[in-house]
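Following: one structure in structure tokens, then a few remarks.
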Amino acid sequence: MSKLKALGSHIGMRLGLATLPAGHRSFIKEHLFFLLFAAIPGTFVNTFFFRQSGTVATAAIYNALACFGSALVMHFSSFVVIKKNPAFLMRVGVMLYNLFYLALIIGREQAAAYMPLYALGAAVAGGFYWQGYNLLMQSAASPEIVNHTVSLFGMGSAVISLVIPVLTGNLISHMQGMTGYTVVFFLAFVVSLYTLNLARRIPVSHQSTSHNLIKAYHYTFTHKSWLLVMLSETFRGMRETSFPLFLSLIFFRYVNNELLLGISTMCSGMAALLANDLTRRKIRADNRLRWVFRACLMITAGFLLLFLNNSGGLIFGLSVFYSFMIPFVANPSVGIMYNTLQRSRSDINFGQTMAIHELFLATGRVLGLMILLQLSHSETLYAWGFLLLNLTGFIAAWLLHQSSRLQASEAAEP
């Protein structure tokens, strides 16, 4: 036991956890277990619906409903947190995920017929959990802690994806029918129960008691630097959800094997782990936008290969390549977003600001999913779809650049 503690202390020192406040470390531990139970079914929730319905549309619409519904629920949870606290929202969210996985276990072969209800369940759970998550991120003491935490979560997610997808994919592929999926959902249910216990240990933090959603919307649309950040999130969202979903489903159509999909996800996780470690060490506040532009350019160049060749091997390679490059876009963008929006006025509730942000982001996610869904009927069309959505990354980066310039000029004013 002492050796395990020593190993844990060494890893914590290596990752810089000792420099973070104790309460923030509790939040990090809970969220890492959240990432674990979410990764156990992971992309196999999509193949679960795909196998039952035989069409990509079912998985795409499920994700679209869950994303947009979660943004709407966050508007409601932004009022709940005024009476409660962010830790309470996270506990409710995890508890609802418990019920979500239990419902998947019960639904089994008939789940696709009730897909909208499952999407609603995921939306409500996500709307509570991610509202609490955003508020705890906002309470971090400095931009450096925010950037450090985002990188740690990215690394944790990548480490989890090295092991879990292969194990779950192997489990599903070696069991008949939906039995493997049922076992995987049960494992996620068990880990989510433990995560609920961890969520109880997150310290209570006090939030703003102001609650004027109309004022928050008015401020968003009249304060240009905020609006530019919100719009950048819409364009970032167009690629964020659609790319991983369609790359995994296109690859799955080629191989028709959950184990091979798990191996693909594992390789993508290895690439993401390396990339997140590089972003943690290389990206600073003064150079992060340059990294975003470079990464967008390289991603666009890589996906041009779809016009020359199309095969399971190429989709596999692009999945790994995208997983390596996207942290250089996402981590700086998320850091800029939090650093900008956490400067909320005293009469505007930050939770409601984040609910508005989530609506902008979800709008982009839904648009991206619908664009690729409409262009997924032929190889040439979805190649154009990937290229079109890649270009939105440049627009998002330009909007962040303009917002940063405005904030700098505002700070320089007497």
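Structure values in brief
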{"item": "Whether segment 254-320 is rounded, prolate or oblate, judged on the alpha carbon gyration tensor where a/c under 1.5 counts as rounded", "result": "oblate"}
{"item": "Inter-site label distance for ARG253 and SER409 at 7 Å from Cα along Cβ, in nm", "result": "4.7"}
{"item": "Length released on extending from GLN374 to THR179, taking residue separation times 0.36 nm less the Cα-Cα span", "result": "67.0 nm"}
{"item": "Packing-based ranking, highest mean first, of 372-378, 151-157, 354-360 given that Cβ atoms within 10 Å are counted", "result": "354-360, 151-157, 372-378"}
{"item": "Summed residue charge, Cβ within 13 Å of PHE76's Cβ, Lys/Arg positive, Asp/Glu negative", "result": "+1"}
{"item": "Extension gain (nm, one decimal) between LEU308 and TRP384, 0.36 nm per residue minus Cα-Cα", "result": "26.2 nm"}
{"item": "About the Cα centre, charge dipole magnitude for the chain (Lys/Arg +1, Asp/Glu -1 at Cβ), debye", "result": "840"}
{"item": "Segment PHE76-LEU102, length gained on full extension (0.36 nm per residue, minus Cα span)", "result": "6.9 nm"}
{"item": "Among 162-171, 400-409, 42-51, the order from most to least packed when residues are scored by Cβ within 10 Å on average", "result": "42-51, 162-171, 400-409"}
{"item": "Cβ-derived FRET efficiency at R0 45 Å, LEU117 paired with ALA285, nearest 0.05", "result": "0.55"}
{"item": "Separation of the LYS224 and ASN212 label points, Cα + 7 Å toward Cβ, nm", "result": "2.4"}
{"item": "Net charge of neighbours whose Cβ lies under 13 Å from the Cβ of ASN85, counting Lys and Arg as +1 and Asp and Glu as -1", "result": "+4"}
{"item": "Distance (nanometres) between label positions extended 7 Å along Cα→Cβ at LEU167 and THR300", "result": "4.1"}
{"item": "Helix-only mean residue ellipticity at 222 nm for the chain, each DSSP H run of n ≥ 4 adding -39500 (n - 2.57), per residue, nearest 500", "result": "-28000 deg cm²/dmol"}
{"item": "Protection-proxy order for peptides 99-108, 233-242, 214-223, each taking the mean of Cβ atoms within 10 Å per residue, highest first", "result": "233-242, 99-108, 214-223"}
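Every number in this text was worked out from the coordinates using simple rules, so none of it is lab data. From a predicted model like this one, the values you see are computed outputs, not experimental measurements. Reconstructed Cβ throughout: ideal geometry from the backbone, glycine too, with neighbour counts over all protein chains shown.
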